[in-house]
Amino acid sequence: MREYDFRKIEEKWRAQWVANKTYHVVEDETKKKFYVLNMFPYPSGAGLHVGHPLGYIASDIYARFKRQQGYNVLNPMGYDSYGLPAEQYAIQTGQHPEKTTFQNIDRYREQLDKIGFCFDWDREVRTCAPGYYHWTQWAFQKMFNSYFDNTLGKAQPIEQLIANFEAKGTEGIDAAGSEELRFTAEEWKAMSEQEKSQTLMNYRIAFLGETMVNWCPKLGTVLANDEVIDGVSERGGYPVEQKKMRQWCLRVSAYAQRLLDGLQTIDWSDSIKETQKNWIGRSEGAEVQIKVADSDIDFTIFTTRADTMFGVTFFVLAPESELVAQLTTAEQKEEVDKYLTYVKSRTERERQIDRTVTGVFSGSYGINPITGEKCPIYIAEYVLSGYGTGAIMAVPAHDSRDYAFARHFNLPIIPLVEGADVSEESYDAKEGIVMNSPMEGKSSLNGFSLNGLTIKEAIEATKKFVSENGLGRVKVNFRLRDAIFSRQRYWGEPFPVYYKQGIPCMIPEECLPVELPQVENFLPTESGEPPLGNAQMWAWDEANRKIVDKALIDEKTVFPIELFTMPGFAGSSAYYLRYMDPNNAEALVGEKVSEYWQNVDLYVGGSEHATGHLIYSRFWNKFLFDLGVSKKEEPFQKLINQGMIQGRSNFVYRIKDTNTFVSLGLKDQYDTTPIHVDVNIVKNDVLDVEAFKAWRPEYETAEFILEDDKYICGWAVEKMSKSMFNVVNPDMIVERYGADTLRLYEMFLGPVEQSKPWDTNGIDGCHRFLKKLWQLFWDKDGNLQVDATEPTADNMKSLHKLIKKVSADIEEFSYNTSISAFMVATNELTAQKCRSREVMTQIVALLAPFAPHVAEELWEALGQEGSVCDAQWPEFDEKYLVESSVQLGVQFNGKVRFSMLFPADATPEQMVEMALAAPEAQKHIEGKQIVKTIAVPKRIVNIVVK
RNA sequence: GCCCAGAUGGUGGAAUUGGUAGACACGAGGGACUUAAAAUCCCUUGACCAUUGCGGUCGUACGGGUUCGAGUCCCGUUCCGGGCACCA
């Protein structure tokens, strides 16, 4: 008997893989490439729990499978080590972020190394390494020096725009901009340097903008929209307020249409595509000019329901709109000011929770361009300044928000859809026949009428009418906003930017990277003063082309450097490209290397990045694609979202005001409080009473009321966290069962994409399977019992059933059923006493992606050359599964009554005949009439009787 | 409110995509081996009825429908999870 000594085996192969550089990958034109990628981790202080490796294991299995199929597989790993989480951890533990980040990285690496991943560590990247963020800064500069040409639908050098301005001003330009500007070449030339810089900022893809930002005083920084959830910060849950600040931004909105279109070309789950669609929020509508009565001012509204123009009874401006000041009349000024003060006093969170109707009349009236009617203009916070034009036409009959407002202020409601009852609520649906457009006896511009059309037809007709009559134009709006790109924080990429008379300029490319300076005090400030202001070495000397000591500023002409840093997503947006060529000092990625690896074929990570990283990355890659650096428009062809591993918490029940604990089954007889208990001292919900007493001093004297001499704990599924005492550490599992068992069990738990609780209890099953498999190879003296024995038909059948199942399952990420199939095959081969080297060799090759350590050991024992990583993936052959006969159920009226053997090649007619001839069939036919017969070869025979 | 995904034993989950529901594993119960424990092996394990043998009825959140046949397809309802949300 040779024992399955997993510790020895795994230690041996870990060392061998390192010594032989088994996982080192080089570009190889003779092989097809396959790029597998995991979302790289933030090295947080808590280390890995069993949930983290789930996705890594799933992708590792796939990577190994592809390699065995003959692909050249890139499967790298690195660390997302800049940004808020890393810095918050450092602040909480009172250490410098650099120190904690490196410590955490080492800890992660140590844990990852134990699980047997086929990562090529020579390609490791760290976003906080100067050699890496060099290219983050480089990409930022490229964005600064580019604008988005709407006609070409892609980024172009800013010089082209400048040339156009020099020659013809804005004429002929259709460029994505913060606002629409119109000026002539002469006006351009007359601008000062500052004005020119300001103007160009309107177009640059990376630009400095004065915008409303999410300011989080507690974190001392601004946050991107996806970092704010329900009005509080995602990290820490601190309040977030709206504040106008000068910030670096990325013109992500310019790419909105391409981000939307690209979704159709990639193989992602519907739900994540849907999430991105919602986030991009395309809506097609019309912009219409509204003249203000008794004034020469006009303003523009945006609507997706152009068909409802006949139902407009008032207009509404966002309180932040610039029009508010212009349109407020003297009589109304006091009230409007009062209202604006009230609006300002409300935080974003209050606005979201409390949605009572508020608003104020501006005193002015707008003229409906189609009906010519005068309608009052209101100011109300339900209209947002950031979307559309910040002004709307209100149609209370067909918009629930307008309806609520109209009811509150007693404004008229005109129904426009036949049969729509608007006495209680608005009719928002886009179905029905239009009426009252115009109302009987009323006129409209050029006799325009929509009556009798369906709503969909009416929308199109109105859009056409509006643009043909110069009242406005068709417009597509997106909810997607530009990304705020600066943070008032220390732990991030410095901007390669300096200021010359207040004008932001790029530090020359050859001087990159601008390294993050060491500072004593890296803490953020509530006022928003960036901690980089504390740096000594921190100004730019153009003459010497270097960053100089701050103290020299007074003596020489030196220009101050940008003190903001970049946000977390800066470094994580193009890291997949850097893995291709991680040590290239000349470029982000070499031309030939980029051409070879193209893009990521399989990306694995959590769905929580749907509106953050996965949008930014796609945007960033599209920009690099426009530059020709990235070779594919979409960075991640297939995306698998691994589910979250939740914790399974255990509870003990303390009787109130005592130190006595009562077992689950008896707890209802007492007044008890449930208390979380460490899952590591509970097995199969039975509490280790002695360990519990030793767990905490206050439980030393605890007493127990048992059932069947056991203390049974309650349980619940919760988030895996320290405070719930349900964290299971992978190191502990590896120590007790081995990495191969951990890998198998994580996959056996259920489908990769599904969230599920971790329950260590089931792990024995997977461990037992490996032991059984191991025993298949050794006789009772511990010698290899596999030899040149000819495989039997049964052996080959078991083997090929397995090949078929596993090959298909891996492609679909159904690893749990693959493992079941292994268990069945092992049992079958054990029962068959299989000794065939041919069969066993192939079994080991199949097992290699799942349990690489034991597979290597057996591969070697079988006398095979090289690593099992390069074992050819076994080929499935149908002929071993061909049966001469099949056992099928015979149904009468859809119910299976008995089963019998049929020849595998029997025709449906023959099957029916045989089934009817069977003795068991007689009692079902007797005295009845056969109405119909159905037979499907290899499936079913059904006979309908009456 | 809108959109997306889901609901199968005590538990995690299978089901060749419309063809014998509950594979595989855990847990539980019984047994073998053992001085004992661990380890290992064997049997039972959806519910109910029958059990001397055969067996029978119900059953995939709930209510309908299509079909010879539905966990799977269609309509409606409930519940849980996720996304978006004064986005005009």
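A short reminder: the numbers here are calculations on the coordinates, not readings from a lab. This one's a predicted model, so the numbers in the text were calculated from it and none came from an experiment. Backbone-built Cβ (ideal geometry, glycine too); neighbour counts: all protein chains shown.
Of note:
- Eligible aspartates and glutamates near A:Lys923 by straight Cα distance, threshold 18 Å, same-chain separation 8 or greater: A:Glu913
- Each peptide in A:624-630, A:419-425, A:377-383 gets a packing score, the mean of other Cβ atoms within 10 Å over its residues, and the list from highest to lowest is A:377-383, A:624-630, A:419-425.
- Cα centroids of the stretch A:811-851 and the stretch A:81-109: 43 Å apart.
- Under 14 Å from the A:Glu159 label point (7 Å along Cα→beta-carbon), backbone N, the stretch A:193-207: none
- Over 28 Å between alpha carbons, listed pairs A:Lys32/A:Lys631; A:Lys154/A:Lys244; A:Lys8/A:Lys780; A:Lys32/A:Lys622; A:Lys463/A:Lys622; A:Lys273/A:Lys801: A:Lys154/A:Lys244; A:Lys463/A:Lys622; A:Lys273/A:Lys801
- Sequence ranges A:28-37, A:261-270, A:633-642, ranked by mean other-Cβ count within 10 angstrom, highest first: A:633-642, A:28-37, A:261-270
- Under 5 Å between amide hydrogens, built in the peptide plane, is the criterion, and for A:Lys33 it picks out A:Asn72 among residues at least 5 positions away or on other chains.
- Extended-chain gain in nm, criterion 0.36 nm per residue less alpha-carbon gap, A:Glu735 and A:Lys923: 61.5 nm
- Length added when fully stretched, A:Leu901-A:Phe409, from 0.36 nm per residue minus Cα-Cα: 169.1 nm
- Counting only DSSP beta bridges with both residues in chain A, the antiparallel share comes to about 80 percent.
- Length gained when the stretch A:Glu542-A:Glu27 is fully extended (0.36 nm per residue, less Cα-Cα span): 181.4 nm
- Here is the size of chain A from its Cα atoms: Rg then Dmax, 34.8, 115 Å.
- Nonlocal amide H pairs with A:Trp778, under 5 Å, H built at 1.01 Å: A:Gln785
- Listed peptides A:385-395, A:3-13 appear in the order A:385-395, A:3-13 once ranked by packing, highest mean of other Cβ atoms within 10 Å at the front.
- In this structure the amide hydrogen of A:Val686, modeled in the peptide plane, comes within under 5 Å of the amide hydrogens of A:Cys713, none closer than 5 places in sequence on its chain.
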